[in-house]
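Scroll down for the structure; my scribbles are underneath it.
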Amino acid sequence: MTEKESERYDIIQNLINKKIDGTQASIQLNLSIRQTKRLKAKVKKCGIQGIIHGNRGKESNRRMDSELIDKIIKVTKQNYPDFTSQLTYEKLTEIHNISSSYSTVRRIRISNGLSIVKKRKINKKHYSQRDRKESYGEMLQFDGSYHDWLEGRCIDKGLEEEQCLLLAVDDATGEPTAMLDKNESIEAVFKFWKEYVTRKDKPILIYLDKFSTYKINHKNAKDDKEFKTQFQRAMENELDIKVVFAHSPQAKGRVERMNGTFQDRLVKELRLANINNIKDANEFIKKEFVPMFSKRFNVPAKKKGDLHKKLTKQEKNNLDNIFSIKKIRKVRNDFVIQYKNRYFQLDEVQVTTIYKKDTVTVEKHLDSSIHICKKTNCGNKYLKFTELLAKPIKEIEIKLPAITTHKSEYIPPVNHPWRSFQFSNIQKVKERIKV
C-alpha cells in the first residue's frame, strides 16, 4: 500500500467513525461526494483492501500478445540487432507488417539487451540555435563525411575501408542532396555541384568548412582576394554563388547532424539493399533513399517560393569549362606548353595569333580531357595541339615570331618537335588526347 492509499484509508475511517462528514471527507480526498461514498461502502465491505485498485496485480487488457512479442524479438535479433529503436520500428512496420508502437519496440529492445539507454550529455558550452533561412534555395550547408559506408563490402579498388559522402542540406527545408565518392577532392566536389546546378539551378549561398579543397588557409591569403581555390573561382567568379566559411562545426550543425543520421540509417539501408559499389550506391541514394528520407524528415519553408537562380544560356553551355581545373601557363619559345610533366605542341595554324611567352589557360575537365584556352578581346579561344610522347629539346632562339591563322613560311630546325609528325595529317586527329 502506498502512502497516498494509507492516508485515504485514515480519512475514510474518520468518516465511518463520524469524526467528519461526507463533505469534509470529499474535500480532504479531493474527490466528489459520490466517489467518497463509494470508497466508504467498499471499505466497510472489504476493509483496507477496498482502498486498493481492483486491477492491481492483474494483466492489462491492452497487453500485447506474447506470440507477437516473441516474433518482434526474433525478427529484431535476426535482421536488426544494431539498428536504433526508431529505425527498427519503421522496418517492422514497412517490411514485416508488424503493428506496434515505437515505445513498445523500444521497451522490448531494452529488456532484451538490444538497446542501451544512454545518459543525456550535459553541454559544457551553450550554443543558441540559429533560426532556419526562410526560403528554399537561400542557403545550402555542405560537408564531406569519411566513413565505411559499405561496411567493407566495396569492390571498388582502393575503397574497401573508407568512402566519402558529399552532402548538401537546404537550410530552410532540410532537404538533402548526397553523393558517394572516393574522397573530398576538387574533382569529386565539382562532379557533385555540376550535377546539382544542372538539376536544381544555383543556390544563393553555400555554407561550408575551411577544408583545403574550398579555402586557402595560408596566413598571406587572408587579405589578398586573388588567392582563391578552384572551388571559389568556379562558384564566386563564374557562377555568382556566394561562398561562406564556418568557424566551427557547430555553426553548420544541420549538415553535421545529418551526417550522423546518415551514418546510422544510410549504412543499414545499403546493407539491406546488398549494395557493394559506389555506382550502385549513388543510384540507390538518388532514387530510393533521399526521396524516402525527405518525405520523412523535411520541413516546410517559412516562405513559399524557390530562390535558386536559373543558369544562363552561356553558363549551361560552359559547365564543362566552369567545373574544370584551370592552371595558367606560358607558351615556350618552341610553342610547347608544359603541364604536370606533359608537353603539348601547338599546331602550326591556330584560331588566333599566338606569340612566344603568351599566357594561356590549361583546363583539365572532369572526363580528364585537356583543353588549352587563350583569352582574347573576342572571348576565349581554344587552341589546337598535339601531345608529345617525350620531353622535347628546348629551343631558345627560334625565328618564328608567332603562330597565326594561316600556315607560316617558317622552316623549323631538324630537331624541332614539329618534325616528328606531318601537319598534313593533323586533321585526322580531331579529338584531343585524353588522359
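Observations, loosely collected:
- Selection of strands (runs of 3 or more DSSP E) fully inside the stretch 134-226 by the criterion of at least 2 residues being closer than 16 Å to residue 261 by Cα returns 140-147, 163-170, 176-181.
- Members of the stretch 30-78 that are among the basic types (Lys, Arg), surrounded by 12 or more Cβ atoms within 10 Å (Cβ to Cβ) and under 42 Å from the mean Cα position of the chain (by Cα): 71, 77
- Options 146, 102; residue that is more than 29 Å from residue 229 (Cβ to Cβ), aromatic (Phe, Trp, Tyr) and loosely packed, with under 15 Cβ neighbours inside 10 Å: 102
- Search result, residues across the stretch 317-356 that are acidic (Asp, Glu) and part of a helix (DSSP H, G or I): 320
- The stretch 324-380 - residue that is of a type in the set (Gly, Ala, Ser) and more than 22 Å from residue 390 (Cα to Cα) and, of those, surrounded by the fewest Cβ atoms within 10 Å (Cβ to Cβ): 379
- Going through (1) surrounded by 12 or more Cβ atoms within 10 Å (Cβ to Cβ); (2) assigned to a helix (DSSP H, G or I) one by one, residue 314 falls short only on (1).
- Across the stretch 17-29, the number of residues qualifying as surrounded by 12 or more Cβ atoms within 10 Å (Cβ to Cβ) and more than 23 Å from residue 55 (Cβ to Cβ) comes to 7.
- Taken residue by residue, the stretch 249-272 has no member that is among the small types (Gly, Ala, Ser), without any contact (Cβ under 8 Å) to a residue 40 or more places away in the chain and not in a helix (DSSP H, G or I).
- Residue-level check: of (1) among the small types (Gly, Ala, Ser); (2) free of Cβ contacts under 8 Å to residues at least 24 places away in the same chain; (3) more than 30 Å from residue 6 (Cβ to Cβ), residue 85 misses just (2).
- With respect to being basic (Lys, Arg), modelled with pLDDT of 95 or more, under 28 Å from residue 271 (Cβ atoms) and out of contact with any His (no Cβ under 7 Å at 6 or more places or on another chain), residue 157 falls outside the description.
- Filter result for residue 240 (at pLDDT 85 or above, under 23 Å from residue 134 (Cβ atoms) and more than 18 Å from the chain's Cα centre (by Cα)): yes
- Test: residue in the stretch 395-402 that is over 17 Å from residue 333 (Cα atoms), surrounded by 15 or more Cβ atoms within 10 Å (Cβ to Cβ) and modelled with pLDDT under 90: no
The values are calculated or read from the model by the stated rules, or taken from the named source; none is laboratory data. A quick note: this is a predicted structure, and the numbers were derived from the prediction, not measured. Glycine gets a Cβ as well: all are built from the backbone with ideal geometry, and neighbour counts include every protein chain shown.
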